[in-house]
Amino acid sequence: MENLHCTKLDSIAGPLFLAASSKGLVALEFDARRSGQPTIRPNPRDLRQQGNGFACRESAAAMAVYVRELKAYFAGERREFSFALDLRGTDFQLACWRALRAIPYGETRTYADIARAVGKANAFRAVGLANHRNPIAIVVPCHRVIRSDGTLCGYGGGLDVKRKLLELEGALTGGLAA
């Protein structure tokens, strides 16, 4: 059983759940997630429960750096995060998540753009699945990925949250629509 430090954070994106290992942030999850969205919590409402090989321990002190930087991001005062991540996934997922992290603040990319960035030009659907499995929302910015026609599409926190995040970053120009 792996012990993780955990906390919750209220934000413009709604309530968030954060978990970190000794290596870095492992999860940033929306309380209100889409059906089938992966979670490390057996019960999203209870930080104390054990499950999925993890035991979460509430720790404001251990989570302070993550909370501080996320609050600054939501206040429009931070464009990049400096804390360590402990990303866990397949080689393809990790490549996709690295490509997401390379999308500059205030910009968007398409699923096809990410597929090309990871050297799998026709794998845009697989990129979509990797985005769906992204364990660290916002910091690994899958909200910056849109359809090739320029419209907003699927997001674990819902399209309203995706729109709010893109508006915060100034990326909703030129008529991006749901």
Rg from C-alpha atoms of segment 91-168, normalised by the globular rule of thumb 2.2 N^0.38 Å, equals 0.97
List the residues, sorted by chain then number, that are 5 or more residues from residue 26 or on another chain and whose placed amide H is less than 5 Å from its amide H. 19, 20, 21, 86
Tell me, what HN-Hα J-couplings in whole Hz come from the Karplus equation 6.51 cos²θ - 1.76 cosθ + 1.60 at θ = phi - 60° for each residue of segment 112-123, using x for Gly and Pro? 5, 4, 5, 4, 5, 5, 9, x, 10, 3, 9, 9
The summed charge of the residue 153 Cβ neighbourhood (under 10 Å; Lys/Arg +1, Asp/Glu -1) stands at +1
For segment 97-106, in residue order, the Karplus 3J(HN,Hα) values (coefficients 6.51, -1.76, 1.60; θ = phi - 60°; whole Hz; Gly and Pro = x) are 5, 5, 5, 4, 5, 7, 6, x, 3, x
Could you give each residue of segment 130-136 its phi-based ³J(HN,Hα) in whole Hz, using Karplus coefficients 6.51, -1.76, 1.60 with θ = phi - 60°, and x for Gly or Pro? 5, 4, 4, 8, 4, x, 10
Provide 96, 142 in ascending order of the number of other Cβ atoms located within 10 Å of each residue's Cβ, fewest first. 142, 96
Taking the Cβ of each residue in 127, 139 as the centre, tally the other Cβ atoms inside 10 Å and list the residues starting with the fewest. 139, 127
Non-local amide H neighbours of residue 109 (under 5 Å, H modeled in plane, Pro and chain starts lacking H): which ones? 145, 146
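Only the coordinates and a few stated rules stand behind these numbers; no lab work does. Remember, it's a predicted structure, so these values are computed and weren't measured experimentally. For neighbour counting, all protein chains shown are included, and Cβ atoms are generated from backbone atoms with ideal geometry for every residue, glycine included.
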